[in-house]
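Accompanying notes for the structure given below.
Readers should treat all values here as calculations from the given coordinates under stated rules, not as data from a laboratory. Model, not experiment: these values are computed from the prediction. Positions of Cβ are backbone-derived with ideal geometry, glycine not excepted, and every protein chain shown enters the neighbour counts.
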């Protein structure tokens, strides 16, 4: 009887359960993270791959259009005999080439302004940096294309050869400029991509337009672009002078 009484008395005991809310709060520190706040250092959650590749497209369009303009024009003037009449004057070949570079440089400025205006206004590519710096980089890249076009036009005999040489001098730059991710490519291919002005132009445009970089961040890219401008102009001048000497001989 005593055992039965103990059991009955035990049934009358009130069992207190812990508060569910307090228990959940105490255990929450051991649970996996369910909500993450994303802090964007650059851009926003509305950006897509289209915005990321915007600077690449701008650089490619500038480079290709300016190259075709400068390369084709000089070849056509040589075919029409205009260059022969220029060389018959007291003007030096280097001055002629400098005049062409200056003229195409002004045209490159106009082309850069038009392409950037369309890209930023109508297409809607983002620009987080200084617009004046973007324009300066674009014009510098276009000048590199101008001098490369003058160099190629000195090697070509007609407009068709300019297109053929474009496959050698321009197409590899397009493929290795940042249009495709080269991080997993062979090391020699990554090194080769650093030998083209378009790579530095695209890198600078991407840094300014997507990350808001300043001149101190893209200074190396800018110096490399102007180094290519000087190199291409010197090579074009040497080739132009050599061809002029052959014509006089």
Task: Checking residue 55 against (1) over 27 Å from residue 235 (Cβ atoms); (2) surrounded by fewer than 17 Cβ atoms within 10 Å (Cβ to Cβ), the condition it does not meet - done: (2)
- [ ] Check off (1) buried (at least 16 other Cβ atoms within 10 Å of the Cβ); (2) free of Cβ contacts under 8 Å to residues at least 40 places away in the same chain; (3) in contact with a helix residue (DSSP H, G or I) (Cβ under 7 Å, 6 or more places away or on another chain); (4) closer than 25 Å to residue 197 by Cβ for residue 120 and give me the number that stays unchecked.
- [x] (3)
Task: Top-ranked residue of region 84-109 - restricted to ones that are part of a helix (DSSP H, G or I) and free of Cβ contacts under 8 Å to residues at least 12 places away in the same chain, ranked as nearest to the chain's Cα centre (by Cα) - done: 106
Task: Residue list for region 156-193, filter: outside any helix (DSSP H, G or I), more than 20 Å from the chain's Cα centre (by Cα) and surrounded by fewer than 17 Cβ atoms within 10 Å (Cβ to Cβ) - done: 157, 158, 186
Task: Answer from 94, 62, 74, 107 - the residue that is surrounded by 14 or more Cβ atoms within 10 Å (Cβ to Cβ), under 20 Å from residue 198 (Cβ atoms) and in contact with a helix residue (DSSP H, G or I) (Cβ under 6 Å, 6 or more places away or on another chain) - done: 62
